Protein chains: 2
Amino acid sequence: MTIKKRTLKDHLDTPMVLIDLDRLEKNIGRLAEWAKANGKNVRPHIKTHKVPEIADLQLKAGAVGITCAKIGEAEVMIEKSRADDIFIAYQIVGEEKIRRLLRLAGHPRLKRLSVGADSIEVAQPLSDAARRRGMKLPVIIKTDVGYPRTGVPSGKPTLELARKISRMPGLTIAGLYAYEGQVFEATTSADMRRLAAEGAGRLLSTVDLLRADGIPVETVSLGATPSSRFTVKIPGITELRCGTYIFNDQMQIRYGSAKEEDCALTILTMVISVPARDRAVIDAGSKTITSERSSEFGVFGLVPGRPDLCFTNATEEHGMIHVTSPRRRPKVGDRLEIIPNHVCPVMNLHDEVVAVRDGRVEAVWAVAARGKIR
Amino acid sequence: MTIKKRTLKDHLDTPMVLIDLDRLEKNIGRLAEWAKANGKNVRPHIKTHKVPEIADLQLKAGAVGITCAKIGEAEVMIEKSRADDIFIAYQIVGEEKIRRLLRLAGHPRLKRLSVGADSIEVAQPLSDAARRRGMKLPVIIKTDVGYPRTGVPSGKPTLELARKISRMPGLTIAGLYAYEGQVFEATTSADMRRLAAEGAGRLLSTVDLLRADGIPVETVSLGATPSSRFTVKIPGITELRCGTYIFNDQMQIRYGSAKEEDCALTILTMVISVPARDRAVIDAGSKTITSERSSEFGVFGLVPGRPDLCFTNATEEHGMIHVTSPRRRPKVGDRLEIIPNHVCPVMNLHDEVVAVRDGRVEAVWAVAARGKIR
């Protein structure tokens, strides 16, 4: 089906990912304002949306550039969006990928390509390849400030790595970045503020170590969305790489960083079966909404305005809605809109999404960087 | 990157989905043999692979047709595979979808299109639309034999629905189908045999009710893979719709229906960071392997031959491997192959997969029915 502009939302086929443009613009504007008021740069992570048109809206609102996870995402964005300053917040390993990275770095439209590194093993082949081409690749060192994923430990180990990288002929050190994922352990707002401050503190004291050693540190970058309302105010942090803020989701509501009315992405679904008094089944399962469920409530998503409907189970093509008020039980053919638990992997399932304003289709966007896992 | 034939597996870029052709053919052959020996039809569910070339291998091995969940999948398969007998095991609801269904039913290459229904609300619009076009659409009634998803309850409610559908001018009743998902609650092989027999028993006694009422029931179809070794032997069942058997996965190993050496799908990944003594990070996270983890062990997949490596956590682009033997700790650049917990949603993340034999690429397959959620 080709989706025509001006189609009423209620006439769309299901399941369909809807983007509420008013909410999207509000979410973009909110972070842009906070950042401006506090002298911070925004370099949004496009992993959340993977849509060039949305990247352009972020850039228009003042983002200094974009963040990608994979080279394939950056390749799409340089061709299809206006982004000309891209940071690949990932360790690029292996000959094939380094070749692609350097080819991308030489793209005529690109002003700057920077890349992450958290070890000599990652940095050395990058430097060797860049040097052979007479290039100096800006590297931002990934430092671990308390979330056990990647990153050289903050403090002295980061300093030692920075010293070694600063002597590598193909690289220049452009800054430090961290992902303060520990904020997702917060149970209260005060807790989140404390965890964010602790993570930022480790990052900033590491920056001090490097500067005292004569290593220039331009970018000091943090990433998480739910704590961005706190990190944006911390002096010394220069950049926020938030991704999820653009749409928000059930998780962001849980962490107090969004309300239901801030959620710009919903999944329009249809009831296909009502086989029991307490169960309605929708046409969106884990292949439409992922199998990520709320760690607190166990549900796969929220049905806005319908607390009587609990999205308690999902198999690949079926979503099971537990009906708690049989008098309001949905019927076959009814449409339900769902706010997913976690939006980022949802976008990675869909080839296109529909941008909606005032209940009508305003645009159909290809999720052009979907599936770019390499 | 264009992937060349004969490329060594170890030279492929990562992450990459690999299909071991010897294992794939063995899996197809095993079910085909069981079915032949027991006089059953195989109508594999292509949701697991979504690859026309694999559907053709199943048909070549004797499958009577294929099962799809969505019209979009069937549209791809009729164009790109040799399938000419398609069952859409799903409730088709809404004008747009019914129009597409009937257009598909008239496809010149298609010998037969059948579709599921579990209520009057689903059947009536199908009948109305088929009648207007002078068609008789074969309907297979979905009956619930103990797994709370869709399906009219087995026994008398199914008989009542069948009586009504048999009077609808645009439809013919072609049989009954059920999904015996309760077998996933089994903790032992004996338990699974019992649960499968109970589910099949409910289905067969419902068939008896319909036949006693003069309603012909041709197809009597069950679906689950882990219990197929038992259901294939149950008299009266005419058809198996298994999907997962084609690849197998950690879940099938857990349920005793496969061994590690029966798993035909693996994800080739690369270690990109080893930031701690007990942690290696690979370039495959939930956007490559999904966020489905073993309900028993909590891991996202197995690393064959490496019980010292536990895939304990995954974020979107990172897989965290807990290293239990520091002396064998992987290094940056090492390649690891992972058997995912659940293969079906994995295929739905990837645009192409690589078919491998004797360590070399034999074919690159587009996952042509990926993302066909409507």
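Scan the helices (runs of 4 or more DSSP H) fully inside segment B:69-183 and keep the ones with 3 or more residues being basic (Lys, Arg) and assigned by TED's automatic domain parsing to the domain that holds residue B:208. Steps first, answer last, please.
Working: elements: B:71-80, B:95-105, B:120-132, B:156-166.
So the answer is B:95-105, B:156-166.
Given the residues B:370, B:293, B:374, which is the only one that is at pLDDT below 95 and under 18 Å from the mean Cα position of the chain (by Cα)?
Working: B:370 fails: at pLDDT below 95; B:374 fails: at pLDDT below 95.
Exactly one of B:370, B:293, B:374 is at pLDDT below 95 and under 18 Å from the mean Cα position of the chain (by Cα), namely B:293.
Pick from B:137, B:171: which is farther than 19 Å from residue B:239 by Cα and in contact with a Gly (Cβ under 9 Å, 6 or more places away or on another chain)?
On the way: B:171 fails: in contact with a Gly (Cβ under 9 Å, 6 or more places away or on another chain).
Of the residues listed, the single one that is farther than 19 Å from residue B:239 by Cα and in contact with a Gly (Cβ under 9 Å, 6 or more places away or on another chain) is B:137.
Scanning for something touching a strand residue (DSSP E or B) at 6+ places or on another chain (Cβ under 6 Å), closer than 22 Å to residue B:218 by Cβ, free of Cβ contacts under 8 Å to residues at least 60 places away in the same chain and at the interface with another protein chain (Cβ under 10 Å from one of its Cβ atoms), does segment B:97-107 turn up at least one residue?
no
Can you tell me which residue is farthest from residue A:45 (Cα to Cα) among those in segment A:159-186 that are without any contact (Cβ under 8 Å) to a residue 12 or more places away in the chain and within 14 Å of chain B (Cβ to nearest Cβ)?
As a first pass, look at segment A:159-186 and keep what is without any contact (Cβ under 8 Å) to a residue 12 or more places away in the chain: A:160, A:167, A:185.
Checking the rest, the ones that are also within 14 Å of chain B (Cβ to nearest Cβ) come to A:160, A:185.
Details: A:160: 28, A:185: 21 Å.
If we take residues in segment A:159-186 being without any contact (Cβ under 8 Å) to a residue 12 or more places away in the chain and within 14 Å of chain B (Cβ to nearest Cβ), then A:160 is farthest from residue A:45 (Cα to Cα).
Which condition breaks for residue B:47 when tested against (1) over 30 Å from residue B:362 (Cα atoms); (2) in a helix (DSSP H, G or I); (3) within 14 Å of another protein chain (Cβ to nearest Cβ)?
The failed condition is (1).
For segment A:132-153, state whether one or more residues are of a type in the set (Phe, Trp, Tyr), on the phi < 0 side of the Ramachandran plot and surrounded by 22 or more Cβ atoms within 10 Å (Cβ to Cβ). Walk me through it before giving the result.
Our first condition is that a residue be of a type in the set (Phe, Trp, Tyr); within segment A:132-153, this holds for A:147.
Filter once more, so that each one left must be on the phi < 0 side of the Ramachandran plot: A:147.
Going one step further and asking which of them are surrounded by 22 or more Cβ atoms within 10 Å (Cβ to Cβ), we end up with none.
Checked against the condition, which is being of a type in the set (Phe, Trp, Tyr), on the phi < 0 side of the Ramachandran plot and surrounded by 22 or more Cβ atoms within 10 Å (Cβ to Cβ), segment A:132-153 yields no hits at all.
Using the structure shown, decide if residue A:64 is touching a residue at least 24 places away in the same chain (Cβ under 8 Å), among the aliphatic types (A, V, I, L, M), in contact with a strand residue (DSSP E or B) (Cβ under 6 Å, 6 or more places away or on another chain) and away from chain B (no Cβ under 14 Å). Walk me through it before giving the result.
On the way: touching a residue at least 24 places away in the same chain (Cβ under 8 Å): yes; among the aliphatic types (A, V, I, L, M): yes; in contact with a strand residue (DSSP E or B) (Cβ under 6 Å, 6 or more places away or on another chain): yes; away from chain B (no Cβ under 14 Å): yes.
Criteria met by residue A:64.
Regarding residue B:2, is this residue β-branched (Val, Ile, Thr) and surrounded by 15 or more Cβ atoms within 10 Å (Cβ to Cβ)? Working first, answer last.
Details: β-branched (Val, Ile, Thr): yes; surrounded by 15 or more Cβ atoms within 10 Å (Cβ to Cβ): no.
In short, no.
For segment B:30-39, check the following and say yes or no: at least one residue is within 18 Å of the chain's Cα centre (by Cα), within 15 Å of residue B:344 (Cα to Cα), touching a residue at least 40 places away in the same chain (Cβ under 8 Å) and not in a loop (DSSP other than H, G, I, E, B).
no
Here are some conditions: (1) within 12 Å of chain B (Cβ to nearest Cβ); (2) aliphatic (A, V, I, L, M); (3) within 23 Å of the chain's Cα centre (by Cα). Residue A:140 meets all but one. Which one does it not meet?
Among (1) within 12 Å of chain B (Cβ to nearest Cβ); (2) aliphatic (A, V, I, L, M); (3) within 23 Å of the chain's Cα centre (by Cα), the lone unmet condition for residue A:140 is (1).
Is it true that residue B:296 is within 25 Å of residue A:72 (Cβ to Cβ), in contact with a helix residue (DSSP H, G or I) (Cβ under 8 Å, 6 or more places away or on another chain) and either within 10 Å of chain A (Cβ to nearest Cβ) or in a loop (DSSP other than H, G, I, E, B) (or both)?
Numbers: within 25 Å of residue A:72 (Cβ to Cβ): no; in contact with a helix residue (DSSP H, G or I) (Cβ under 8 Å, 6 or more places away or on another chain): yes; either within 10 Å of chain A (Cβ to nearest Cβ) or in a loop (DSSP other than H, G, I, E, B) (or both): yes.
Against the criterion (within 25 Å of residue A:72 (Cβ to Cβ), in contact with a helix residue (DSSP H, G or I) (Cβ under 8 Å, 6 or more places away or on another chain) and either within 10 Å of chain A (Cβ to nearest Cβ) or in a loop (DSSP other than H, G, I, E, B) (or both)), residue B:296 does not qualify.
Kindly evaluate residue B:290 against the criterion of being more than 7 Å from every other protein chain (Cβ to nearest Cβ) and over 14 Å from residue A:93 (Cα atoms).
Details: more than 7 Å from every other protein chain (Cβ to nearest Cβ): no; over 14 Å from residue A:93 (Cα atoms): yes.
When the stated conditions are applied, residue B:290 does not pass them.
Among the residues of segment B:252-260, is any under 29 Å from residue A:343 (Cβ atoms), touching a residue at least 40 places away in the same chain (Cβ under 8 Å) and among the hydrophobic types (A, V, I, L, M, F, W, C)?
Step one: of segment B:252-260, the residues under 29 Å from residue A:343 (Cβ atoms) are none.
For segment B:252-260, residues under 29 Å from residue A:343 (Cβ atoms), touching a residue at least 40 places away in the same chain (Cβ under 8 Å) and among the hydrophobic types (A, V, I, L, M, F, W, C): absent.
What do you reckon, is residue B:277 over 19 Å from the mean Cα position of the chain (by Cα), of a type in the set (Lys, Arg) and within 14 Å of chain A (Cβ to nearest Cβ)?
Details: over 19 Å from the mean Cα position of the chain (by Cα): yes; of a type in the set (Lys, Arg): yes; within 14 Å of chain A (Cβ to nearest Cβ): yes.
Against the criterion (over 19 Å from the mean Cα position of the chain (by Cα), of a type in the set (Lys, Arg) and within 14 Å of chain A (Cβ to nearest Cβ)), residue B:277 qualifies.
Those residues that are among the β-branched types (Val, Ile, Thr) and surrounded by fewer than 21 Cβ atoms within 10 Å (Cβ to Cβ), I need them from segment B:5-33; list them, please.
Filtering segment B:5-33 down to residues among the β-branched types (Val, Ile, Thr) leaves B:7, B:14, B:17, B:19, B:28.
The answer is B:7, and nothing else.
The values are calculated or read from the model by the stated rules, or taken from the named source; none is laboratory data. Treat the numbers as computed from the prediction; the structure is a model and nothing was measured. Here the Cβ is made from the backbone with ideal geometry for all residues, glycine too, and neighbour counts use every protein chain on show.
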